Amino acid sequence: MSETNRVRGTLPLGQLNLTTDVENYPGFPKGVLGPDLMESMRAQAERFGTHIVTEDIVSIDLSRRPFVLKDSAGATATAHAIVIATGASANYLGLDSEHRFKNFGVSACAVCDGALPRFRNKALVVVGGGDSAAQEGSYLTKFASTVYLVHRRDALRASRIMADRLLSNPKVKPVWNSVVEEVVGDDEHGMTGVRVKNILNGEKRTLEAVGMFTAIGHTPNTAFLKGQLQLDPKGFIVLKDPFLTTTSVEGVFAAGDVADPVYKQAITAAGMGCKAALDAERWLSEKNID
């Protein structure tokens, strides 16, 4: 299951475990590495007796009480209250050629794959224009000879400090007003380049590169719910009360990116986690459930 999670970008400890420098989390004026932050959080939880099982929940039955959950190892658990904090998974472009070269040059996680030998001192492509793209691009400059930044607009949507840092790096070459139409390569060498199209003048060209990293947003990990909770059109869990973490099913609470289509920040996810824990505890108390 870990290989499946690696490919999807849903390894244990969440997206921050796949992130390098975290510079906007309170209490770390010099920044902190994502994996270090998550390991510290995990250790803190274990200190207070939290039982951690590193498996995916593959199905859940919210029609009976206590609720029944089944994980990827085949184990079954029951619970009177549940906090869903399954996060979100990276999006891909949806190209057939992109799918063909996944794990053979195409990735959605620079931290997972950027240091692999096939990418070192070679030209790479990053697709996107937000904070994720800026972060992925900056990380890849440690290994790549050139980083082509393909974005459909003529300016980044990323925060100014992250955008300036990326674009000031001499290894970064922005490809503005452009989209990737095809990933090219062969079975022997894997990906060897991408064909891009300028959306303003229609001009097409091929960027020679051995890797492409997509950074174009995420999809909430809610497929396992199978319609048992109210979701919005994009699949995010709808909160019954915007000031609480309650959902459409009593006793089920949600926190983090799985229920946050707006902010999607580590600090907001942490705050929602605290709210969900308090909401669940208070609900159990009101129901006289130990």
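The values are calculated or read from the model by the stated rules, or taken from the named source; none is laboratory data. Note that the structure is a prediction, hence the values are computed from the model and not measured. For neighbour counting, all protein chains shown are included, and Cβ atoms are generated from backbone atoms with ideal geometry for every residue, glycine included.
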Members of region 126-156 found to be touching a Leu at 6+ places or on another chain (Cβ under 6 Å) and not in a helix (DSSP H, G or I), listed by number: Val126, Gly129, Ala144, Val147, Tyr148
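Every residue, every condition in (1) touching a residue at least 12 places away in the same chain (Cβ under 8 Å); (2) more than 19 Å from the chain's Cα centre (by Cα), yes or no:
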{"residue": "Thr214", "(1), (2)": "yes, no"}
{"residue": "Leu231", "(1), (2)": "no, no"}
{"residue": "Val258", "(1), (2)": "yes, no"}
{"residue": "Leu284", "(1), (2)": "yes, yes"}
Conditions (1) touching a residue at least 24 places away in the same chain (Cβ under 8 Å); (2) in contact with a Leu (Cβ under 9 Å, 6 or more places away or on another chain); (3) closer than 17 Å to Ala79 by Cβ; number of the one not met by Asp290: (1)
Hits in region 77-89 - residues which are in a strand (DSSP E or B), of a type outside the set (A, V, I, L, M, F, W, C) and either under 13 Å from Ala276 (Cβ atoms) or under 21 Å from the mean Cα position of the chain (by Cα) (or both): Ser89
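Within region 131-147, track down each residue that is within 13 Å of Lys171 (Cβ to Cβ) and crowded, with 24+ Cβ neighbours inside 10 Å. I'd like the intermediate steps shown before the answer.
To start, the set of residues in region 131-147 that are within 13 Å of Lys171 (Cβ to Cβ) comprises 137-147.
Within region 131-147, Gly137, Leu140, Ala144, Val147 qualify.
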Residues satisfying the stated conditions in region 148-184, i.e. touching a residue at least 60 places away in the same chain (Cβ under 8 Å) and surrounded by 21 or more Cβ atoms within 10 Å (Cβ to Cβ): Tyr148, Val180, Val183
Those residues of region 233-270 which are within 13 Å of Ala85 (Cα to Cα) and out of contact with any strand residue (DSSP E or B) (no Cβ under 8 Å at 6 or more places or on another chain), in sequence order: Gly256, Asp260, Thr268, Ala269, Ala270
Selection within region 95-130 - surrounded by fewer than 22 Cβ atoms within 10 Å (Cβ to Cβ) and under 18 Å from Trp176 (Cβ atoms): Ala123, Gly130
Flag for Ala144 being within 22 Å of Asp21 (Cα to Cα), in contact with a strand residue (DSSP E or B) (Cβ under 8 Å, 6 or more places away or on another chain) and of a type in the set (Gly, Ala, Ser): yes
Some residue of region 90-112 being at pLDDT 95 or above, over 19 Å from the mean Cα position of the chain (by Cα), in a loop (DSSP other than H, G, I, E, B) and over 29 Å from Gly235 (Cα atoms): no
Residue match in region 271-279 (condition: of a type in the set (D, E, K, R), modelled with pLDDT under 95, closer than 26 Å to Ser59 by Cβ and part of a helix (DSSP H, G or I)): no
Looking only at region 16-48, and only at residues there that are among the small types (Gly, Ala, Ser) and in a helix (DSSP H, G or I), the one that is surrounded by the fewest Cβ atoms within 10 Å (Cβ to Cβ): Ala43
Residue within region 245-264 that is assigned to a helix (DSSP H, G or I) and surrounded by fewer than 18 Cβ atoms within 10 Å (Cβ to Cβ) present: no
